[in-house]
Each structure stands twice: as C-alpha cells, then as structure tokens.
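These notes concern the structure reproduced below.
The values are calculated or read from the model by the stated rules, or taken from the named source; none is laboratory data. Note that the coordinates shown come from a computational prediction; the quantities given were computed from them, not determined experimentally. Note that each Cβ is placed from the backbone with ideal geometry, even for glycine, and that neighbours are counted across all protein chains shown. In case anyone asks, the SASA skips ligands and DNA or RNA and just uses the protein heavy atoms, side chains included. Shrake-Rupley method; radii C 1.70, N 1.55, O 1.52, S 1.80 Å.
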Amino acid sequence: MLFARAALAVAAQAVFAGIFALRSSPAPWHEAGPWLPVYATLIDAGCLVLLWRFTRWEGIRLIDLLGFERSRLARDLLLGVALIPFCLAFIYGGVYAAGWLVYGTLTPPYLTGPLPLPAALYGILVFPFLWGITEQMTYNGYLLPRFQVLSGRTGLAVAVVAFVWSLQHAFMPLTFDPRFMAFRLLSPIPESVFVTLLYLRLRRLLPLALSHALMDGATVFIGSLLPLLRG
C-alpha cells in the first residue's frame, strides 16, 4: 500500500493519455495531466479495492479505518473546518520553501488548467471528497499505525509515511520534468508531517478528510472552473 497511490496515478494518467492519443493529440501525456481531478477517481477506486482486500485479511472492515462515530459527527465537521487555516499555513510554507529551493523563486510554476465545465464541476463536487477520505484512510488510517507497530518507533513511522505521501505528488501528474517533480516532492512535506502527527494525536480521520476535501475542492475551483467563469 505504501506506493500504491503513486503507481495507480501513473496507470490512470496512462489511460487518459491513451484516450488523447486516440484523438490524435500531439502531446497526449501532457494533455492528460490537467485531468487529474477526473482520473483521480480511478486512483481512489484501485486504492479502495486494495484496502478492502488487506483489511479483510486482517479480519476488520474497510470502514473501520475511518473510525466513524455518529455521536461525534458535528464535532468532527467543525474541527475539520477549523483545521483549514493551520493546514494552509503548512501547505503554503512548503510551496514557497520548495519553490525557493528548486527554482530560486517564491512563485514556482503550477500545472493547472481549465477543464470542460462537466469535468470542472466533477472536480469540485465529487473528486475532493472521495480523494480526501481515501487518501486519509490509506496513509493515516492504514499505513501509519501499522508502521508504528512493526517498527516500534513512532518517529520512523511518521518519517516513512509522510515522505511517501509527499512523494506521490511527484507522479500526480507525471511530467518527466525533474525540477518540477522535485518541487512536487518537497512542497507537501511540511503538511504531510503535520497531518500524520495530528492524526496520532486525534485518532480521528473524518476532520482531516473534510479539511483535505475542502482545500482540494477550492484548488480545483481556482485552477479549472474560475478561468471558465472569467471567460
């Protein structure tokens, strides 16, 4: 599971690149990249299947990783919203620091672009919530506690999971641009470390998944839908 999301990301992008190739695109792999909010569902589906298989072998249910409690729903939702400013501080701190290290500027490039309206709406209304839940279940709900037990060292578990969590971004989308991939690897590290440590403190996935989803939805809105509205 540690590298499953990165591998699935490359496979899902390849599917969309194949579609663009069949449509005689001159650069199918590059054109597939901005469609990440759409093909991300393929990544999540593959990841959920793997998690279902592994949790079944362990004798637990997939939903057990989420730790959902109806009595705490309201508090979890409020906490998720309250966490957004703190998460943004780590996200932007990582982006600016990585941009300065890799590009020598505080305004590094981003690989975003407008999508057709149905795809942009999907990226705002569906993608972020499925993505937030699945990603939190994978890294915090499943991998982090198991690495903690297997290694016997919380610090090592946090380091491994946070690093690979950040590493996946270098493949989402895969550009084959070493500098951009290095930027994508480095920029999420502060947020990944923060969220893994926070999970160990809270042991609640829903607030983290909600804040994750709302921020991803806002990112898609700014990068994919807002250009359409302005046009």
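In table form, for the structure just shown:
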quantity	calculated
Kyte-Doolittle mean at least 0.5 and Cα axial length at least 18 Å: DSSP H helices in the chain	4-22, 36-58, 73-103, 154-167, 189-202, 206-220
Estimated dipole of the chain in Debye, rounded to 20 [Cβ of Lys and Arg +1, of Asp and Glu -1, Cα centre]	400
Global form of region 102-231, assessed from the alpha-carbon gyration tensor, a/c cut-off 1.5	oblate
Apportionment of accessible area to carbon and sulfur, the chain, percent (1.4 Å)	71
The chain - mean residue ellipticity at 222 nm from DSSP helices (-39,500 (n - 2.57) per run, n ≥ 4, rounded to 500)	-22500 deg cm²/dmol
Accessible surface, per residue, of region 108-231 when the full set of protein chains is kept, probe 1.4 Å, Å²	44
Potential lengthening between R75 and A11 on full extension [0.36 nm per residue; Cα-Cα distance subtracted]	19.3 nm
Prolate/oblate/rounded call for region 1-83, Cα gyration tensor, a/c under 1.5 rounded	oblate
Rg over Rh [alpha-carbon atoms, Kirkwood Rh] for region 40-136	1.06
Solution diffusion estimate, µm²/s, Stokes-Einstein, region 169-231, Kirkwood Rh from C-alpha pairs, 4 °C, viscosity 1.567 mPa s	94
Among 71-84, 5-18, the order from most to least packed when residues are scored by Cβ within 10 Å on average	5-18, 71-84
Value of Rg/Rh across the chain [Cα atoms, Kirkwood radius]	0.96
